[in-house]
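Notes follow the structure.
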C-alpha cells in the first residue's frame, strides 16, 4: 500500500482525520450519543500511551493473585471477599515506587508496605480516601517495556468504584485478559463482558485461573467447552491460557509470556496502532449508521418527515410513560431493601450478643473505681468492641445486602435493551438501516460504609450521682445492668446498620433510574435530530457519508494489510 493516499495525506493520518470528521459531523447534526467514544479515541491519538493490559473478571477469579505471581511480589490485595477497591496499574520503572493519585488532583508517594491502606476494601472501604488510581513502578517488569498491567475490582458486583472500572474505564482497555476461575464455568456475565470488550479492543484473551483444580483431561474438556460456547454465542473464538499459582506456575507463566505478553511488548507500536484503529473503526461505523438515517430524512418532504418521525419514534418514545415505568421499577425493588437486610442481619444477633457478653464478663473484674469511672470504662469498652464488630459485619457482609440493587440494575438494563431493540427494529423496518447502538453502561457507585454509634447506657445519669452508690454494696447490681445492656445495644446498632445501608442502596437505585432516563432522553434527542434534517442538508450529508466511507475503507485496508 502506498505511503500516501489519493487524498494526499499519510495513512498514519487517517485515524485522526476520521475522529475529527466524526466530531464535526456530530456537531453539525447534533448527534450526542457518540461523545464518549470520540473523547476516548482523541485521547489515544493525542499521546503515545502504554498499552494497558487489563486483568478483568468476576469477583474471586484470581486477578490480583495472577498479577502478584507475574511480578513475583505479594503487592496486590487478595482474600476471600471482594478486596480490590481502586484501579492499580503496574509498569516498568528503574526504581520501585508507588504513587497514589487522588480525585482532587493531589499525588503522594507511599511505601509498598502501605499499599493495602489505599487499594484494599478492608482498609479503604468504599474508597473513602478518594483514590483515583495507584501507579506502581517495578524494575522486575523490565521485560515488558510499553505495557502497563491493570488490576481491577471484581465485576461480579453491581457497584463500581469511582473510576467505574467495568464500565467507564473499558474504553481505555488496550488488551484484555479475562480471568475465569476453573471452579466456576463460563457465565453469562463473562459473555456479556466479552461482548462489551469486542467494541473496544481486538485483543481479548481468556485466562483460566486455578487450573490446578482440574486434571489435564478436565482442562482440555473445559477449554473445548469454552470454545464451543463462545462460537455458539458470539460466533468467535479467543485464545485461552491456563494458569495456577500453586502448581506448574512457571510453565503456565512462560506460555503466556512467550506467546502473548512478549509479542505485545516487542511489537508495541504496531499493536497500539491496531488497537487504536479498532476503536476508531467502531466509532466510524456507528456514525455512518446515523448518517444513513439523516440522509433518509433529508430526502423526504415535511409531511413525510413528520410521518417518518411518528413511525420510527412513535409510542416507544413517550418520555412521560417511560419515566413512570422506571419509577415503578425502582420502587418495586427499593421497597424490599430493608426487609432483605434485616433478614440477613438477624443471623448475627445471637452470636454477637453472646460473644460480647463473654468478653464483658472477662473484662469487668479488671475495672476499678466508683460508678462514674466504672461507667466510663464500660462505655469505652462497648464503643470499641461494638464499632469493631458492627463495622466488620458491614465490611465483610454488605455484598449480601445488594439483592434489590442487583435486581434493579438488571431491570434497568433490560428496559434499555428493550428500548434499543424496538428503536433499532423500527429504523431497520422503516428505513432499512441497521443502526449500531451507542455505547452505554450504567455507573453504580459503591455505597459507603455507615458509621456506628453507641447509645446512652442509662436513661437517667446515675453515674453523676456516684457518691450515693458505694461500690462494695452496688457494684454487682450495675455489672448486671451493663451485661443486660449488651442485648439492647446489639439490637439497636444492627437495626441502625440496616437503616443506613437501606438509605445508601435505595439512593443508588434512584441514581440508576436517573441514569437510565438520561440515556433514553439522549438517544431520543439524537434520533429526533437525525429525522429532522431538511432537504437542503441532503448534499452535505451525502458528502459526509462519502468521505467517511472512503476513510473507513482505508482504515479497514490498513487493518488487513
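The values are calculated or read from the model by the stated rules, or taken from the named source; none is laboratory data. In this text the structure is predicted, and so the values were computed from the model without any measurement. Counting neighbours? That spans all protein chains shown, and the Cβs are built from the backbone with ideal geometry, glycine included.
Criterion applied to 464, 423 was being in the same structural domain as residue 340 (by TED's automatic domain parsing), over 28 Å from residue 31 (Cβ atoms) and either modelled with pLDDT under 80 or in a helix (DSSP H, G or I) (or both), and the one residue passing it is 464. If the condition is being crowded, with 16+ Cβ neighbours inside 10 Å and outside any helix (DSSP H, G or I), then segment 507-561 contributes 532, 533. The number of residues in segment 203-219 being loosely packed, with under 12 Cβ neighbours inside 10 Å and either part of a helix (DSSP H, G or I) or in contact (Cβ under 8 Å) with a residue 12 or more places away in the chain (or both) comes to 2.
Residues are listed down the side, and each one gets a yes or a no for (1) assigned to a helix (DSSP H, G or I); (2) within 37 Å of the chain's Cα centre (by Cα); (3) closer than 30 Å to residue 394 by Cβ:
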site: 327; (1), (2), (3): yes, yes, yes
site: 332; (1), (2), (3): yes, yes, yes
site: 344; (1), (2), (3): yes, yes, yes
site: 356; (1), (2), (3): yes, no, yes
site: 365; (1), (2), (3): yes, no, no
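Of the residues examined, residue 496 is not one that is closer than 18 Å to residue 22 by Cβ, surrounded by 16 or more Cβ atoms within 10 Å (Cβ to Cβ) and in contact (Cβ under 8 Å) with a residue 24 or more places away in the chain.
Taking the conditions (1) in contact (Cβ under 8 Å) with a residue 24 or more places away in the chain; (2) out of contact with any strand residue (DSSP E or B) (no Cβ under 8 Å at 6 or more places or on another chain); (3) surrounded by fewer than 20 Cβ atoms within 10 Å (Cβ to Cβ) in turn, residue 328 satisfies each one other than (1). Does residue 477 qualify as being more than 34 Å from the chain's Cα centre (by Cα) and under 27 Å from residue 422 (Cα atoms)? Taking the combined requirement at face value, the residue does not satisfy it.
Test residue 253 against the criterion of being touching a helix residue (DSSP H, G or I) at 6+ places or on another chain (Cβ under 8 Å), surrounded by 18 or more Cβ atoms within 10 Å (Cβ to Cβ) and farther than 24 Å from residue 209 by Cβ, and give yes or no. Spelling it out, it is not the case that residue 253 is touching a helix residue (DSSP H, G or I) at 6+ places or on another chain (Cβ under 8 Å), surrounded by 18 or more Cβ atoms within 10 Å (Cβ to Cβ) and farther than 24 Å from residue 209 by Cβ. Could you go through segment 277-293 and let me know if any residue there is in contact with a strand residue (DSSP E or B) (Cβ under 9 Å, 6 or more places away or on another chain) and either assigned to a helix (DSSP H, G or I) or surrounded by fewer than 18 Cβ atoms within 10 Å (Cβ to Cβ) (or both). Looking through segment 277-293, at least one residue is in contact with a strand residue (DSSP E or B) (Cβ under 9 Å, 6 or more places away or on another chain) and either assigned to a helix (DSSP H, G or I) or surrounded by fewer than 18 Cβ atoms within 10 Å (Cβ to Cβ) (or both). Considering segment 15-47, the residues that are without any contact (Cβ under 8 Å) to a residue 24 or more places away in the chain and assigned to a loop (DSSP other than H, G, I, E, B) include one that is surrounded by the fewest Cβ atoms within 10 Å (Cβ to Cβ), namely 47. Every test in (1) closer than 20 Å to residue 288 by Cβ; (2) in contact with a helix residue (DSSP H, G or I) (Cβ under 9 Å, 6 or more places away or on another chain) is passed by residue 520 save one, and that test is (1). Scanning segment 294-312 for residues that are over 16 Å from residue 28 (Cα atoms) and either assigned to a helix (DSSP H, G or I) or in the same structural domain as residue 52 (by TED's automatic domain parsing) (or both) yields a count of 12. Each residue in segment 347-364 was checked for being more than 13 Å from residue 486 (Cα to Cα) and in contact (Cβ under 8 Å) with a residue 60 or more places away in the chain, and 2 pass.
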